[in-house]
1. Select from segment C:17-62 the residues that are surrounded by 11 or more Cβ atoms within 10 Å (Cβ to Cβ), part of a helix (DSSP H, G or I) and either in contact (Cβ under 8 Å) with a residue 60 or more places away in the chain or more than 13 Å from chain B (Cβ to nearest Cβ) (or both) and list them in ascending order.
2. Tell me which residues, restricted to segment B:156-188, are farther than 18 Å from B:G73 by Cβ, part of a helix (DSSP H, G or I) and facing another protein chain (nearest Cβ under 7 Å).
3. I'd like to verify a number: residues in segment B:111-121 that are modelled with pLDDT of 90 or more and either more than 7 Å from chain C (Cβ to nearest Cβ) or touching a His at 6+ places or on another chain (Cβ under 7 Å) (or both), how many?
4. Does A:L178 fit the bill of being surrounded by 23 or more Cβ atoms within 10 Å (Cβ to Cβ), touching a helix residue (DSSP H, G or I) at 6+ places or on another chain (Cβ under 8 Å) and assigned to a loop (DSSP other than H, G, I, E, B)?
5. Run down C:G237, C:G258 and say which single residue is within 26 Å of C:V101 (Cβ to Cβ) and away from chain A (no Cβ under 14 Å).
6. Taking C:S115 and the conditions (1) away from chain B (no Cβ under 13 Å); (2) of a type in the set (S, T, Y); (3) in contact (Cβ under 8 Å) with a residue 40 or more places away in the chain, which numbered condition does it fall short on, given that it satisfies the others?
7. Looking only at segment A:209-230, count how many residues are assigned to a loop (DSSP other than H, G, I, E, B) and buried (at least 17 other Cβ atoms within 10 Å of the Cβ).
8. Just to check your reading of the model, which residue among B:A218, B:A191 is more than 10 Å from every other protein chain (Cβ to nearest Cβ), in contact (Cβ under 8 Å) with a residue 24 or more places away in the chain, on the phi < 0 side of the Ramachandran plot and of a type in the set (A, V, I, L, M)?
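The values are calculated or read from the model by the stated rules, or taken from the named source; none is laboratory data. Every value quoted in this text rests on a predicted model; they were computed, and no experiment measured them. Cβ placement follows ideal geometry from the backbone for every residue including glycine, while neighbour counts extend to all protein chains displayed.
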Amino acid sequence: MDLELQGANARHPAARAGSVPALHGVSLRVAAGEQLAVIGPSGSGKTTLLHVLGAALPPQTGQLRLSGQDPWVLPRAALQRLRGQLFLAPQVPPLPPRQRVVTAVLAGRLPAQSLLSSLRSLLYPSDIPAAFSALEQFDLGDKLFERVDRLSGGERQRVGLARALLAPARLWLVDEPLSSLDPARAQQALNALTAGARERGVTLVTTLHQVDAALAHFPRIVGLRDGEVAFDLPAGQVTPERLARLYMQHEDELTGAAPSFATSVAQAADEVPEPVVMHCR
Amino acid sequence: MAGLLALVVSSFWSLDLQWAQFFSAEAAASMGRFVGEFFPPDLSPAFLRKVGVGMAETLAMSLLGTLLAVVGGLALALPASKGQQLLRAPTRAVLNALRSIPELVWAALLLISAGLGPFAGTVALALHTTGVLGRLFAESIENAPAGPAFALRAQGAGTLQVFFYATLPQVLPQVMSYTLYRWENNIRAAAVLGVVGAGGLGQLLAFHMGLFHMAKTATILAAMLLLVALVDSLSYAWRRGLTR
Amino acid sequence: MNAANPTNPTNPALTPPADRDPAWWPRVFWCSAALVLLWPLMVATEFKPWVLLEASSLRVSGRFIGSFFPPALDAEFLTLVARDTWRTVAIATAGITLAWVIAVPLTLLSTRVLSISALSGRMATLPFVARQAVRWLLIVLRSVPELVWALIFVRVVGLGPTSGVLAIALTYGGMLGKVYAEILESGEPLATQTLLRNGSGRMQAFFYALLPGSSAELVSYTVYRWECAIRSSVVLGFVGAGGLGQQLDNAMKMFNGGEVATLLLVFMALVALADRVSALLRKGLA
């Protein structure tokens with residue numbers, strides 16, 4: 001799937017009206033099957049960009065075209081079908097704590113399944129071998145039947161990524177896939193992602209904090225700063241000076257230390273609440 | 001504050017309460033005699049068997065009624081939660097109507113169609129509890145972390161698929177907890193529904209009280225308390241097990 | 001840890017931890033067990049929903065529901081309804097007031113925070129036993145359904161609001177007592193204990209330290225219970241305590257759908273109104 005974004009302004013979904021937009025006049029053109037990484041300091045609008053590209057956040061101005069189609073003029077059913085062709089992986093792994101890994105991973109197939117077969121898959125997983133091989137790419141095969149909340153943060157993140165390998169998508173939008181991973185695992189995960197995308201001919205757009213990893217694995221780098229595209233170059237042309245300018249006043253992030261984000265998955269776990277005194281009993 | 005006082009005073013005044021009748025020596029004596037007739041409670045095997053059947057009926061009513069309500073509540077909770085623009089208001093109205101009418105009133109209404117017996121009681125419990133649980137479940141759904149559902153919807157999954165794969169697994173602990181809590185309430189409700197004819201211990205109670213069989217009434221009351229205590233401890237143990 | 005080569009996913013040496021879902025057979029077992037239990041449940045409750053759809057039953061229900069429209073709106077009936085609505089509210093208010101009268105001394109007797117012997121570590125035996133006894137009394141008061149109390153009182157005092165008020169007073173007294181005690185004990189005990197240690201009496205400690213901190217919650221819960229008492233008093237009307245409940249019972253026995261409809265509507269409006277008033281009061285008094 002190729003995508004084209006022109007002059008987009010977008011506000012963060014939780015932002016108040018009248019606040020500064022997170023994205024300013026951003027234009028981007030990605031050909032089908034291309035792989036690119038978006039880098040930039042925290043707060044530069046990387047996540048917002050990904051959400052705009054994934055038709056999850058309508059841009060206030062500007063236009064988005066996915067395979068030549070503007071998703072926001074489509075009726076709801078057609079929009080959902082279009083969404084079925086893309087895969088958006090948020091930074092915090094979107095996995096229900098008490099679900100098992102096999103079900104969580106197979107959920108990637110939902111857009112291609114009818115309601116009945118997806119319900120049947122809940123009773124008995126419809127494709128255990130496929131789930132297993134997807135997890136094996138991220139070295140998690142042995143966790144196939146574990147519950148998500150028994151995994152570590154890094155393992156959960158990798159499960160979230162493994163979902164992409166099963167999704168019937170032509171476009172992968174991955175937000176910070178390495179934030180909970182140690183360097184060795186980060187290497188492996190990026191290898192799995194890029195190799196998987198290449199095999200399937202899928203367009204891959206990733207946001208990354210780890211600049212060296214970005215430069216090493218992706219042929220094209222887009223630098224984002226304060227909601228604007230600072231540069232859009234082949235990896236070879238990204239000089240240290242450009243990087244320094246991009247990360248001005250955020251130098252600590254340049255050295256690869258990803259800002260900590262709350263792993264809220266853990267706390268959502270087994271807290272069975274005491275029923276509130278209500279309803280007259 | 002003054003309004004409150006006025007309300008209280010006017011309530012007492014307007015009700016023409018029979019204090020004299022209640023607190024007179026004569027009333028005390030009759031109460032005393034009344035309470036005396038409770039002991040010894042009737043423990044004959046034939047009657048105990050009847051009470052046992054009544055207990056089983058009451059327990060079954062509470063279980064089945066609660067189970068039906070869980071299904072109904074879940075079915076209505078999804079349309080009643082935020083994000084469902086069209087269906088939200090009417091579904092909430094239905095849930096409100098179901099829960100504002102007390103179980104006893106539902107039972108009295110249903111007796112007309114369903115006849116005497118525990119069937120009316122079960123359906124009455126199911127209807128009322130659907131309203132309560134539906135509202136509680138809808139609030140749980142609204143308060144569940146949005147991440148998993150968002151990711152699936154962004155991927156193009158259908159509404160029901162999102163519900164079963166993302167929302168339901170997240171709210172399941174709360175669903176279980178609320179259900180057990182309502183079961184504790186429903187066993188008490190089931191015990192007294194029989195007073196209007198909906199079967200179980202309540203029907204036995206009303207019958208024997210009407211005939212002034214105080215000893216038998218005492219047994220039935222004891223059975224009610226026993227049943228309530230049993231369900232309370234089962235529910236507590238189950239909830240403890242859930243949090244392990 | 002196996003050294004998986006990510007570019008060669010079909011390494012035959014790798015096998016999944018299980019070929020079949022290990023949770024399958026336990027699930028089948030529990031589902032079957034549940035179904036097996038469901039059958040006696042349905043038998044015990046005479047659960048035959050198809051009975052509702054039998055022709056004769058449908059005719060009766062249809063006629064009854066049909067008679068709901070139009071709801072009875074003649075002036076005579078409406079005045080009756082208005083009077084009984086007030087009766088219901090009055091029974092609830094009187095009942096809650098008495099419940100409060102019962103609950104307050106019981107709470108004071110049962111709360112651990114006012115224990116002087118507990119200041120120095122463990123509570124002495126006699127106060128402990130006394131407190132437990134009061135707690136058990138509250139539990140008994142709470143566990144007997146108010147309908148049962150009402151049935152008993154109707155035998156003693158006769159039909160009328162007295163039995164309803166007393167039934168609510170006893171049951172709600174138990175509920176209020178328990179929750180008041182919990183509220184008092186959930187607050188900060190430091191101020192109370194300081195006063196007690198410095199020799200002030202229990203009642204002084206209560207009024208100067210314990211009450212001020214928890215008063216908002218106490219009031220809030222009492223108002224909320226008043227709302228519940230209104231629903232209870234309608235239910236109690238079915239056994240002769242008067243008010244909307246009794247009217248509803250009468251109307252149903254006479255198959256008068258119009259009156260039933262009006263009464264139900266008035267009841268729902270009353271509940272909604274009480275809910276609104278209760279929310280306002282709670283916000284105002286807090």
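1. Matches in segment C:17-62: C:W24, C:R27, C:V28, C:C31.
2. Residues satisfying the conditions are B:Q161, B:Y165, B:A166, B:R188.
3. 2
4. For A:L178, the condition - surrounded by 23 or more Cβ atoms within 10 Å (Cβ to Cβ), touching a helix residue (DSSP H, G or I) at 6+ places or on another chain (Cβ under 8 Å) and assigned to a loop (DSSP other than H, G, I, E, B) - is met.
5. That would be C:G237, the only listed residue that is within 26 Å of C:V101 (Cβ to Cβ) and away from chain A (no Cβ under 14 Å).
6. (3)
7. 4
8. B:A218
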